[in-house]
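The values are calculated or read from the model by the stated rules, or taken from the named source; none is laboratory data. Since we're looking at a predicted model, the values are computed, not measured. Methodologically, a virtual Cβ is constructed for each residue, glycine included, from the backbone with ideal geometry; neighbour enumeration extends over all protein chains shown.
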Amino acid sequence: MATGAPGGNFRTWTPTPPERGSFPLDHDGECKEQMMKYLQCMKFTENKNAPNCRILAKGYLKCRMDHQLMDESDWDSLGLVNLPGERDVAPESLINRSTSKKETQSTDKVSSNP
């Protein structure tokens, strides 16, 4: 039995590659923390394109570029240039916020003890 469109019209399908090439999986979890923070932000904002999530997306993509999990690309072509609040908050500080608070608290405890 042959498959095709009604009326016997057969069409050949040619797959098209992605615009930016392949997007390798992060098997070693090198950027997992950045990815999870971004996904949590998206869930919190109900998948809206919030500025704080865009900053996290930029941090995630930077991590992928740094670990050769994607080709280097300029932020303008990715639509992640001049994000609101970007000067005030670096993506790394959003990701490491909980660990930096713990480190600060432990440092304060050590310095307050004579």
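Inside segment 1-42, can you point out the residues that are among the aromatic types (F, W, Y) and either at pLDDT 75 or above or surrounded by fewer than 10 Cβ atoms within 10 Å (Cβ to Cβ) (or both)? Across segment 1-42, the qualifying residues are F10, W13, Y38.
Restricting the first member to segment 26-54 and to residues that are over 19 Å from M70 (Cα atoms), and the second to residues that are loosely packed, with under 13 Cβ neighbours inside 10 Å, the beta-carbon pairs closer than 7 Å and six or more apart or on different chains are P51/P84; P51/G85.
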